[in-house]
1. Would you confirm whether or not the range 146-168 contains a residue that is part of a loop (DSSP other than H, G, I, E, B), touching a residue at least 40 places away in the same chain (Cβ under 8 Å) and in contact with a strand residue (DSSP E or B) (Cβ under 7 Å, 6 or more places away or on another chain)?
2. Here's a check for you: in the range 26-49, which residue that is among the β-branched types (Val, Ile, Thr) and surrounded by 18 or more Cβ atoms within 10 Å (Cβ to Cβ) is nearest to the chain's Cα centre (by Cα)?
3. With respect to Thr83, determine if the residue is under 20 Å from the mean Cα position of the chain (by Cα), surrounded by fewer than 17 Cβ atoms within 10 Å (Cβ to Cβ), farther than 13 Å from Val25 by Cα and at pLDDT 90 or above.
4. List the residue pairs whose Cβ atoms are under 7 Å apart, where the first residue sits in the range 113-127 and is exposed (fewer than 14 other Cβ atoms within 10 Å of the Cβ), the second is among the acidic types (Asp, Glu) and at pLDDT below 95, and the two are 6 or more positions apart or on different chains.
5. Looking only at the range 139-153, how many residues end up being modelled with pLDDT under 95 and closer than 28 Å to Ile106 by Cα?
6. Filter the range 169-201 for residues that are of a type in the set (Ser, Thr, Tyr), within 20 Å of His59 (Cβ to Cβ) and touching a strand residue (DSSP E or B) at 6+ places or on another chain (Cβ under 6 Å) and give the result.
7. If only one of Lys201, Lys129 is part of a loop (DSSP other than H, G, I, E, B), among the charged types (D, E, K, R) and at pLDDT below 95, which one is it?
8. Please verify whether the range 180-189 includes one or more residues that are in contact with a Ser or Thr (Cβ under 8 Å, 6 or more places away or on another chain) and part of a loop (DSSP other than H, G, I, E, B).
Amino acid sequence: MKRNWVKDSPSPYFLTHTVLNWVNVFVNTAMNSVIIEAFNHYRYVYGVQFYGYVIMPNHIHYIAQFQQEKYGLSDFTRDFKSTVSKKIHDRLALVIDESSFPINNIFRENNLKIKLPMELRDFLLDSGKNAEQEIKLWRDDEKPIILETEEMGIQRLNYLHDNPVRKGWVETPEEYTYSSASFYLSGKSFPFRVTHLFDEK
């Protein structure tokens with residue numbers, strides 16, 4: 001059944017988290033799976049609804065809805081960013097050499113500047129020192145956008161799905177693995193099944 005954008009409450013948000021200095025962190029399955037695991041955790045434990053996403057090498061976009069009286073936007077963004085940062089650091093600590101940290105072909109072929117695992121660990125630690133924290137991954141200047149109308153929902157969903165196309169990495173949004181575009185096209189649920197933005201829960 002179609003979502004009623006006037007009656008359904010609360011409205012979903014469009015969120016963006018960007019890595020400090022636009023460093024390319026999410027360049028392989030090991031790093032991207034940290035985001036997917038976090039999405040699953042906050043959905044099942046805290047009831048956060050995710051309606052769309054794209055994981056780019058140095059930032060992520062997604063659409064999510066929160067039960068504000070139980071676990072609101074500010075609580076979620078604080079915890080989500082902290083959780084992902086720590087898990088990225090822990091996962092990098094397990095990397096023995098570059099061969100155990102394979103880069104996705106789409107990024108190799110497009111000559112992205114990618115740090116070695118040890119350089120990424122140093123980046124997290126150095127950024128943390130500068131911010132008087134143990135580690136730091138994300139910038140602090142994100143501005144969530146509340147999606148109050150169906151038109152806003154369509155625009156933002158298309159915007160995030162089109163990110164890899166605008167970069168020239170793929171010809172169509174659904175070709176990019178770490179995105180919900182293929183779900184909206186064909187119902188594909190890998191690697192993360194979102195809730196349809198335009199259907200009632």
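The values are calculated or read from the model by the stated rules, or taken from the named source; none is laboratory data. This is a predicted model, so every value here is computed, not measured. Cβ placement follows ideal geometry from the backbone for every residue including glycine, while neighbour counts extend to all protein chains displayed.
1. First pass over the range 146-168, keeping only residues part of a loop (DSSP other than H, G, I, E, B): 147-149, 162, 167-168.
Then keep just the ones that are touching a residue at least 40 places away in the same chain (Cβ under 8 Å); that gives 147-149, 167-168.
Keeping just the survivors that are in contact with a strand residue (DSSP E or B) (Cβ under 7 Å, 6 or more places away or on another chain) gives 147.
Scanning the range 146-168, I find at least one residue that is part of a loop (DSSP other than H, G, I, E, B), touching a residue at least 40 places away in the same chain (Cβ under 8 Å) and in contact with a strand residue (DSSP E or B) (Cβ under 7 Å, 6 or more places away or on another chain), so the answer is yes.
2. Keep residues of the range 26-49 that are among the β-branched types (Val, Ile, Thr), which gives 27, 29, 34-36, 45, 48.
With the extra rule that they be surrounded by 18 or more Cβ atoms within 10 Å (Cβ to Cβ), the set shrinks to 27, 34-35, 48.
On the way: Val27: 12, Val34: 9, Ile35: 6, Val48: 14 Å.
Filtering first and then ranking leaves Ile35.
3. Working: under 20 Å from the mean Cα position of the chain (by Cα): yes; surrounded by fewer than 17 Cβ atoms within 10 Å (Cβ to Cβ): yes; farther than 13 Å from Val25 by Cα: yes; at pLDDT 90 or above: yes.
Considered against the rule, which asks whether it is under 20 Å from the mean Cα position of the chain (by Cα), surrounded by fewer than 17 Cβ atoms within 10 Å (Cβ to Cβ), farther than 13 Å from Val25 by Cα and at pLDDT 90 or above, Thr83 comes out as yes.
4. From the range 113-127, the pairs are Leu116/Glu98.
5. 1
6. Within the range 169-201, Tyr178, Ser179, Ser180 qualify.
7. Just a single option satisfies the conditions, and that option is Lys201.
8. Yes - at least one qualifying residue is present in the range 180-189.
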